[in-house]
Amino acid sequence: MKTELREAAVIAVASALGGLLLGVLWWWLAPHVPLVGDIVEKRWVVYLKDTEGEQAIGVDGTFTLLGLAFGVVSAFAVFLLRRRGGVPLVVALGVGGLLGSLLAWRVGIWLGPAQDVLAHAKSVGKGVTFSAPLKLSAKGALLAWSLGALVVHLGLTGLFGPRDPEVPYGAGPYGAKPQA
């Protein structure tokens, strides 16, 4: 049991650290939401440049798809390294995926455009287009990595994992012959 817990801890930490890469990829691949600043009645206001744009949804979708991809890769890696499975391993995949997603979310926001939209609009000037900060509106996307990893690992274990020994037909419980 100690070995399983140690392996589970390593898997959880490795998955969580993989969140750094996910955060960088999200920042790099997510579409930019264009904003524009203007002065109305002596006050700065910020508008969406394209009110019908789908970039904001694309930001959430990019995070979700990257999280699913990271979940699939982590499940394959864990299955190839340790075919036996086990409860600590599965818990580590789920917890590590969630921690990795949380870390990726914060890293993407940290790397992304400035969080103070009004100050950014003032610095670029009136009527100049700039990018909105990265924002994850669909918080359920944080579960994509964990769910992807758990589903893929379950499928791989079910298809290619070790099997329990078959009980011969007619044998009772625990291998005893039934009494007539």
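The values are calculated or read from the model by the stated rules, or taken from the named source; none is laboratory data. All values derive from a computational prediction rather than experimental measurement. Counting neighbours? That spans all protein chains shown, and the Cβs are built from the backbone with ideal geometry, glycine included. Ligands, DNA and RNA are excluded from the accessible area calculation, which covers all protein heavy atoms including side chains. Shrake-Rupley method; radii C 1.70, N 1.55, O 1.52, S 1.80 Å.
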Determine, yes or no, whether residue 70 is at pLDDT below 95, of a type in the set (A, V, I, L, M, F, W, C), in contact with a Leu (Cβ under 6 Å, 6 or more places away or on another chain) and surrounded by 13 or more Cβ atoms within 10 Å (Cβ to Cβ).
no
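Looking only at the range 105-123, filter to residues that are small (Gly, Ala, Ser) and surrounded by 18 or more Cβ atoms within 10 Å (Cβ to Cβ); which one of those is farthest from residue 67 (Cα to Cα)? Walk me through how you get there before you give the answer.
Just the residues of the range 105-123 that are small (Gly, Ala, Ser), to begin with: 108, 112, 114, 119, 121, 123.
Keeping just the survivors that are surrounded by 18 or more Cβ atoms within 10 Å (Cβ to Cβ) gives 108, 112, 121.
Details: 108: 13, 112: 18, 121: 31 Å.
This residue is 121.
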Reported set for the range 33-63 where residues are part of a helix (DSSP H, G or I) and of a type in the set (D, E, K, R) is 60
Report yes if some residue within the range 157-169 is modelled with pLDDT under 95, open to solvent by 40 Å² or more (accessible area, probe 1.4 Å), assigned to a helix (DSSP H, G or I) and closer than 30 Å to residue 39 by Cβ; otherwise report no.
no
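Within the range 79-104, restricting attention to residues that are open to solvent by less than 50 Å² (accessible area, probe 1.4 Å) and under 16 Å from the mean Cα position of the chain (by Cα), which residue is farthest from residue 152 (Cα to Cα)? Lay out the reasoning, then the answer.
Going through the range 79-104, the residues open to solvent by less than 50 Å² (accessible area, probe 1.4 Å) turn out to be 79, 82, 85-86, 88-89, 92-94, 96-97, 100-101, 104.
The next check asks that each one be under 16 Å from the mean Cα position of the chain (by Cα); those that pass are 92-94, 96-97, 100-101, 104.
Details: 92: 14, 93: 11, 94: 12, 96: 15, 97: 13, 100: 17, 101: 17, 104: 21 Å.
Filtering the range 79-104 for residues that are open to solvent by less than 50 Å² (accessible area, probe 1.4 Å) and under 16 Å from the mean Cα position of the chain (by Cα), the one farthest from residue 152 (Cα to Cα) comes out as 104.
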